[in-house]
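Trainee: Please read through the structure below; I'll follow up with questions.
Derivation of every value follows stated rules applied to the coordinates shown; laboratory data play no part. Since the model is a prediction, treat every value here as computed from it, not as a measurement. Heads up, the Cβs are rebuilt from the backbone with ideal geometry, glycines too, and the neighbour counts pull from every protein chain shown.
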Amino acid sequence: MAFLSVRGLVVGIGRLTPLDGISFEIGKGEIVGVVGESGSGKSLTAMSVMGLLPLIGGKVKAGAMTFDGIDLLTLPPAGYRALRGKRMALISQNPMTSLDPIIRIGAQIDQMSRLHLGFEAEAAKARSIDLMEQLRIPDAATIYGSYPHQLSGGMKQRIVIAMALAADPDLIIADEPTTALDVTIQAQIIQIMVELVRERGLSLMLVTHDMGVVAQACDRVVVLYAGRVAESNGAGGIFEAPSHPYTRELVRCIPREGQPPGSLKGIPGAVPSVMDYPSGCRFHPRCPEAMPICEASVPALERKTTGLAACHLETVHAHV
Amino acid sequence: MVSAATLRNILLTPRGGLSALVLATVIAAAVFAPFVAPYAYDIQSLRNANLDPSWSNWMGTDEFGRDLFSRIIYGARTSLTVAITAISISVAVGMSLGAAAGYFGGAFDKAVTAVVDLTWSFPEILIALMLIAIIGPGLNSTMIAIAIAYLAQFTRLTRAQIMSLKNETYVEATANLGAGHAHIIFRHLLPNALTPVIVAGMLATGDAIILEATLGFFGLGAQPPTPSWGAMMSSGTAQIFIAPWIIIFPGLAIAVTVIAINLFGDAVIEALDIRNRLRDV
Amino acid sequence: MLVFLIKRLVLLIPVFVVVSVIIFMIIHLVPGDPIDNIVQIGSSPEQKAELVAKYGLDRPLLVQYAIWFGKTLGGDLGEAIILRQPVSALIAQNLPHSLILGSLALAFSTIVGIAAGALAAIFKDSWIDRTVMTVILLGSTVPSFWLGLLMILLFAVQLGWFPVSGARTWSALALPVLTIGLGGVALVARVTRVAMMDIARRDFVMMLHAKGVPGWRIQLQHVLRHAMLPVVTILSLRIGWILGGAVTIEYVFARPGLGSLLITSLNQRDYPVVQGCLLMLAIAVMLGTLLGDLVQAAMDPRVRERST
């Protein structure tokens with residue numbers, strides 16, 4: 001069984017069903033990108049795995065989730081809490097607001113090793129400063145004693161990454177870790193993070209809407225659209241031979257070097273709202289290759305010539 | 001400002017409907033006091049002093065034999081008139097000051113803000129006592145003292161609303177079209193700032209009723225024989241051992257009225273979804 | 001921190017001057033000759049002339065103010081007209097009673113208010129929350145002097161548990177503190193509750209859950225600690241409001257104190273005493289506000305930096 005396995009996950013918030021059958025796996029030491037436009041359910045998937053749904057009033061309605069053989073859905077709250085931070089750590093979307101503004105940086109990193117590894121104050125401090133240095137934070141000892149509002153966004157995100165690594169987790173879930181940062185810093189931070197993850201042989205679930213980041217870092221890719229998996233494949237397959245028209249559109253939209261400015265294209269149309277998802281394949285209103293069947297029936301996620309995809313195209317062509 | 005549909009929504013909630021009913025009753029009692037009250041408020045009869053509540057005197061009588069129920073109904077007149085007049089003055093002046101300060105900014109704004117901040121940290125009761133020290137006791141003084149004591153609140157609130165609205169595009173657009181200051185303030189800014197200020201004013205009316213009663217209780221507000229809820233309790237303290245109802249019923253009248261005002265205000269705030277705009281002020 | 005303290009003290013100076021001008025003006029704004037407002041009843045013309053000379057009442061208003069302000073700073077607040085004592089002596093007798101009552105009421109409001117508000121926020125929508133919400137509603141709508149009278153009726157007259165009035169014993173403090181406290185508890189509990197529910201929704205709290213910090217530690221060590229910031233802000237703004245409650249309640253319980261003294265003197269038009277009491281109360285409010293600012297700065301590094 002894969003290290004992290006999510007099967008047919010359905011999540012409800014109130015009367016809405018923002019996640020409607022998400023399946024993917026992450027192997028030990030593997031970096032898997034979870035991509036899609038805003039509103040596709042990427043962050044919610046990350047929260048589901050971390051067991052944080054109750055915080056936003058969400059509930060798992062169906063499906064299965066296991067982590068290193070542990071059934072996450074039947075795990076009691078105390079058991080889940082013991083996993084969080086210790087075995088699976090979160091790197092959140094917005095470093096600006098993820099740190100407690102009135103507690104010193106150092107104490108916030110120390111909290112992890114003290115809580116999960118039983119470190120005393122001195123040992124925790126040494127470990128935190130060591131981690132900060134590994135993240136190439138200049139003058140770590142000074143930063144250790146400062147408050148979040150005294151640091152830049154990039155520096156704060158490094159702190160959040162240090163925090164995630166502090167208790168030696170096996171799985172890291174990075175939820176759009178660089179969207180709030182300057183473009184120049186983004187690549188740098190992703191690079192450091194991926195390096196540290198690879199060095200330690202950790203598994204990483206990298207949630208992002210940036211295909212460039214995926215290309216830079218990921219082994220495999222899961223493409224989400226409107227609360228469902230559109231396609232799932234190795235990074236090579238995704239970029240070289242995408243099966244789903246949505247993936248093709250995403251790949252087509254990657255900015256390339258030497259492109260004349262202004263020629264950058266987005267995917268026409270907008271992501272549907274969770275309030276009224278289209279029938280059948282939820283991508284059909286925007287799909288350049290939509291057929292009558294796409295509106296009528298939901299395509300299953302199944303093996304295509306290159307990878308897994310939920311699309312009627314190949315199936316229909318195969319029958320012709 | 002409040003559409004008929006919103007009003008219906010407010011009245012249909014248990015909280016909003018019940019508090020509105022209580023308020024309507026109190027206001028009606030105050031307006032139609034001569035028709036509602038079984039006796040005149042000033043008929044003394046020492047033979048009937050300190051009578052227990054009974055069928056002929058629902059709430060008993062006071063130390064002069066006056067019917068307490070009738071006095072409470074007339075007292076509603078005094079309390080509501082003073083509180084509503086005082087708060088109306090306060091809202092009108094506060095809105096003008098706040099709007100002018102927020103709109104024009106500069107030295108005028110600095111001066112207004114400084115005065116508002118100065119009075120802000122002082123409790124209303126202390127400001128009112130200070131003013132009464134200067135202008136002397138009485139109902140008119142009470143009214144002025146309450147109006148000034150709450151001035152800071154409305155100035156601050158209006159100023160904050162104006163400041164946040166001023167930069168919004170539609171105001172800028174109007175200014176670019178050559179509209180005058182008065183036009184912008186009265187046609188565009190104030191109407192939008194009005195709702196939160198009116199709601200705050202309504203809630204402050206409840207506080208003003210308490211402040212009026214407190215001053216009356218100190219003997220600094222309404223003077224005898226004018227019936228006032230606070231003053232009635234003041235004379236009642238001497239009878240606390242033999243006729244506790246003289247204290248219980250006027251206080252109950254205040255509590256019920258103020259609770260109703262607060263609950264109704266809450267219902268309005270929720271229906272209009274303006275809790276955030278009233279915050280931090 | 002010292003710089004912060006000095007800055008705040010400097011900011012209070014103009015406030016103090018303005019307040020002192022208003023209080024000084026009382027005897028001039030009241031109808032009648034100022035001298036009649038400060039001279040003891042039945043004084044001889046010589047005594048009157050002496051007072052006129054002492055306060056420079058025949059000189060320009062600004063000079064009069066300077067003289068009065070100088071004497072006030074020196075602790076000379078004049079003579080009470082009715083009570084026929086130096087005002088400073090009257091204040092010295094009454095101030096300790098008000099200080100004890102005010103600080104106990106403040107401590108009670110803060111401690112009980114924070115506890116009640118925190119419990120209500122943590123157990124949102126439970127019976128605890130509903131009970132606290134009811135107390136909040138009653139505490140902010142029931143007139144405190146009426147509550148005091150009801151307490152006297154119930155606990156002192158009916159049950160005989162506490163003395164009806166006076167200040168001779170410690171138990172005489174229980175009812176007044178409780179009475180002022182209910183309003184204060186309502187204020188503090190409301191702010192604590194709203195702030196905690198607000199903060200519990202912030203990103204960093206979600207991050208703390210993601211870090212695996214136990215729920216109760218998140219609530220107590222992080223959320224409550226943050227909620228204390230708005231609570232202290234409100235307390236520092238409204239500290240005078242709780243002290244103001246003491247003014248009313250002293251009178252109800254017939255306790256000695258600045259409040260009782262002020263109300264009695266206002267009714268007797270004993271203006272020198274009124275001036276002295278108002279000045280002391282104003283100073284108390286200002287120092288209370290300053291205390292609140294200091295606590296706030298000690299708790300939040302951002303506040304310290306903003307003002308230095």
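Trainee: Would you look at the GNM of chain C, springs on alpha carbons closer than 10 Å, and say which of C:L237, C:L208, C:L138 moves the most?
Mentor: Greatest mean-square fluctuation among the candidates belongs to C:L208.
Trainee: What ranking of A:F24, B:F154 emerges when the number of other C-beta atoms within 10 Å of each C-beta is taken as an exposure proxy, fewest first?
Mentor: Final ranking by Cβ density, sparse to dense: A:F24, B:F154.
Trainee: Is the shape of the range C:225-279 best called rounded, prolate or oblate, per the rule: a/c under 1.5 gives rounded, else a/b larger than b/c gives prolate, else oblate, with a ≥ b ≥ c the square roots of the Cα gyration tensor eigenvalues?
Mentor: In terms of gyration-tensor shape, prolate.
Trainee: Where in the range A:97-122 does the amide nitrogen come within less than 17 Å of the point 7 Å from the Cα of A:E133, taken along Cα to Cβ?
Mentor: Once the point is set 7 Å along Cα→Cβ of A:E133, A:106, A:110, A:122 turn out to lie under 17 Å by backbone N, inside the range A:97-122.
Trainee: As a test of understanding, state the convex hull volume per residue of the range B:40-164 from its alpha carbons, in Å³.
Mentor: Expressed per residue, the convex hull around the Cα atoms of the range B:40-164 is 130 Å³.
Trainee: P(r) for the protein assembly as shown, please, calculated from all Cα pair distances in 20 Å bins and given in %.
Mentor: Percent of pairs per bin, in order: 12, 34, 30, 17, 6, 0, 0.
Trainee: Separation between the A:Q216 and C:I283 pseudo-spin-labels, each 7 Å from Cα along Cα→Cβ, expressed in nm?
Mentor: So the two model labels end up 6.5 nm from each other.
Trainee: Can you pull the one-decimal nm distance between simple spin-label points at B:S54 and B:S164, each 7 Å off the Cα toward Cβ?
Mentor: For the pair B:S54/B:S164, the computed spacing is 5.9 nm.
Trainee: Run the Debye formula on the Cα coordinates of the range A:162-320, all scatterers equal and no solvent, and tell me log10 I(q)/I(0) at q = 0.10, 0.11, 0.13, 0.20 1/Å.
Mentor: -0.44, -0.53, -0.72, -1.33
Trainee: Given the range C:43-178, report the % of alpha carbon pairs whose separation exceeds 21 Å.
Mentor: Beyond 21 Å sits 65 percent of the P(r) for the range C:43-178.
Trainee: Could you work out the Rg to Rh ratio of the range C:1-108, with Rh taken as the Kirkwood radius (inverse of the mean 1/r over all Cα pairs)? The partial results should precede the final answer.
Mentor: Numbers: Rg = 17.3 Å, Rh = 16.4 Å.
Radius of gyration over Kirkwood radius for the range C:1-108 works out to 1.06.
Trainee: Could you work out the mean projected area of the convex hull around the alpha carbons of the range A:45-116, in square nanometres to one decimal?
Mentor: Result: a mean projected hull area of 5.8 nm².
Trainee: How long is chain A along each principal axis, judged by its Cα atoms, biggest number first, in Å?
Mentor: Taking the Cα atoms of chain A, the three principal extents are 70, 52, 33 Å.
Trainee: While we're on this one: How are the Cα pair distances of the range C:131-287 distributed, in percent, across 10 Å bins from 0?
Mentor: Percent of Cα pairs in each bin: 10, 28, 28, 19, 10, 4, 0.
Trainee: Moving to a separate point now. Just to compare against my own numbers: the Cα pair-distance distribution for the range A:32-184, 5 Å bins, whole % per bin, please.
Mentor: Each 5 Å bin holds this share of Cα pairs: 2, 9, 17, 20, 20, 15, 11, 6, 2, 0.
Trainee: Net charge within 15 Å of B:L215 by Cβ-Cβ distance, Lys/Arg positive one each and Asp/Glu negative one each, not counting B:L215 itself?
Mentor: For residues surrounding B:L215, the net value is -3.
Trainee: Let me ask something additional. Would you mind estimating how fast chain C diffuses translationally, via Stokes-Einstein at 37 °C and 0.692 mPa s with the Kirkwood radius over Cα pairs, in µm²/s?
Mentor: Details: Rh = 22.0 Å.
This corresponds to a translational diffusion coefficient of 150 µm²/s.
Trainee: Give me the Kirkwood hydrodynamic radius of chain B, using the inverse of the mean 1/r over all pairs of distinct Cα atoms, in Å to one decimal.
Mentor: 20.5
Trainee: How far apart, in nanometres, would the label points at A:E195 and A:E240 be if each is projected 7 angstrom from Cα along the Cα-to-Cβ direction?
Mentor: 2.9
Trainee: Now, a different point. May I ask you to work out the translational diffusion coefficient for the range B:16-55 at 25 °C, viscosity 0.890 mPa s, via Stokes-Einstein with Rh from the Kirkwood sum over Cα pairs, reported in whole µm²/s?
Mentor: This corresponds to a translational diffusion coefficient of 195 µm²/s.
Trainee: Further question on the same structure: Cut-off is 10 Å between beta-carbons; in what order do C:T134, B:T214 appear when sorted fewest neighbours first? It would help to have the intermediate numbers written out before the result.
Mentor: Values: C:T134 10, B:T214 29.
By the 10 Å Cβ count, ascending: C:T134, B:T214.
Trainee: What is the diffusion coefficient of the range A:100-184 in µm²/s, taking the Kirkwood radius over Cα pairs and the Stokes-Einstein relation at 37 °C with a viscosity of 0.692 mPa s?
Mentor: This corresponds to a translational diffusion coefficient of 251 µm²/s.
Trainee: Provide C:W68, C:W127 in ascending order of the number of other Cβ atoms located within 10 Å of each residue's Cβ, fewest first.
Mentor: Numbers: C:W68 21, C:W127 8.
The fewest-first ordering by Cβ neighbours comes to C:W127, C:W68.
Trainee: Apply the membrane-span-like helix rule to chain C: whole DSSP H runs, Cα extent along the own long axis of at least 24 Å, mean Kyte-Doolittle hydropathy at least 0.5. List the helices found.
Mentor: C:2-29, C:87-122, C:174-199, C:224-252, C:271-299
Trainee: Determine, from the Cβ-Cβ distance of A:L117 and C:S44 and an R0 of 56 Å, the FRET efficiency 1/(1 + (r/R0)^6), rounded to the nearest 0.05.
Mentor: My answer for the efficiency is 0.05.
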